[in-house]
1. When we measure straight from the Cα of residue A:54, which aspartates and glutamates land under 18 angstrom away, once same-chain ones fewer than 8 places off are left out?
2. With respect to the cross-link table entries A:3/B:57; B:57/B:78; A:3/B:78; B:57/B:83; B:42/B:83; B:42/B:78, which display a Cα-Cα separation exceeding 23 Å?
3. How much of the pair distance distribution for the stretch A:27-74 lies past 13 Å, counting alpha-carbon pairs only, in percent?
4. Label point 7 Å out from residue B:76 along Cα-to-Cβ: which residues of the stretch B:19-62 have amide N under 15 Å?
5. Using a simple charge model, +1 on the beta-carbon of Lys and Arg, -1 on the beta-carbon of Asp and Glu, nothing else, what dipole does chain A show about its Cα centre, in debye to the nearest 20?
6. Could you report the buried accessible area between A and B, both sides summed, computed with a 1.4 Å probe and given in Å² to the nearest 100?
7. Could you tell me the calculated FRET efficiency between residue A:28 and residue B:17, based on Cβ-Cβ distance and R0 = 41 angstrom, to the nearest 0.05?
8. By DSSP, what percent of the beta bridges with both residues in the protein assembly as shown are antiparallel, rounded to the nearest 5?
Amino acid sequence: LAKTTQPISMDSYEGQEVNITCSHNNIATNDYITWYQQFPSQGPRFIIQGYKTKVTNEVASLFIPADRKSSTLSLPRVSLSDTAVYYCLVGDMRTSTLGRLYFGRGTQLTVWP
Amino acid sequence: EPEVTQTPSHQVTQMGQEVILRCVPISNHLYFYWYRQILGQKVEFLVSFYNNEISEKSEIFDDQFSVERPDGSNFTLKIRSTKLEDSAMYFCASSRQGLNSPLHFGNGTRLTVT
């Protein structure tokens, strides 16, 4: 699976838009990009998944440039409850590796009042 | 929204004892997983399970570990002879279509081996 690089930590204030960028230079043709969120003492929670261009759901947007070597998770108008670790994962979601998600260190987002 | 539930939330055991961690995946999901997270470390894949057999396992999942789906709803992880280094949060997850659909994680069981 493609290795990912993301900032270790980010700080923001309530109401601001937060963009977390993930670098995945070795992404393969069949790889998808998935973001998870984890609060302390809880399991990771799926946020969004995409392959190219832009994906949006009720929680976030995911921007993927044409070369797919990076992606940006955008959280609009964050609140204190968005303080969490955010993981970027890249992998081929269609192969026989039915469970092996590789979590890196993630990005600790801290939202301040 | 349906959830993956795990019991117990916290298990304390002595080194060498056997523990069984229990999970109830989301009812229409077909793929089941166990992950673990040692305090302050990354979330690590242990094993995936589909069609009543192990699909894939990591190097962590050695002979002391086993998984079972004893009935139509439960999915268990057994650690036969616990070691101090098995202390971690253990997360169960399930998905509808393997990695083509998102994994839904439970809130974990904190295992403490003394």
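1. The qualifying aspartates and glutamates are A:17, A:31, A:67.
2. A:3/B:78
3. 55
4. Counting only backbone N, you get B:19-25.
5. In debye, rounded to 20, chain A gives about 380.
6. On the way: alone 6710 and 6640 Å², together 11360 Å².
The summed interface area works out to 2000 Å².
7. It comes out at approximately 0.40.
8. 85
The values are calculated or read from the model by the stated rules, or taken from the named source; none is laboratory data. Being a predicted model, the structure only gives us computed values, none of them experimental. Neighbour counts run over all protein chains shown; Cβ positions are idealised from the backbone, glycine included. What goes into the accessible areas is simple: the full protein's heavy atoms, side chains included, and nothing from ligands, DNA or RNA. Shrake-Rupley method; radii C 1.70, N 1.55, O 1.52, S 1.80 Å.
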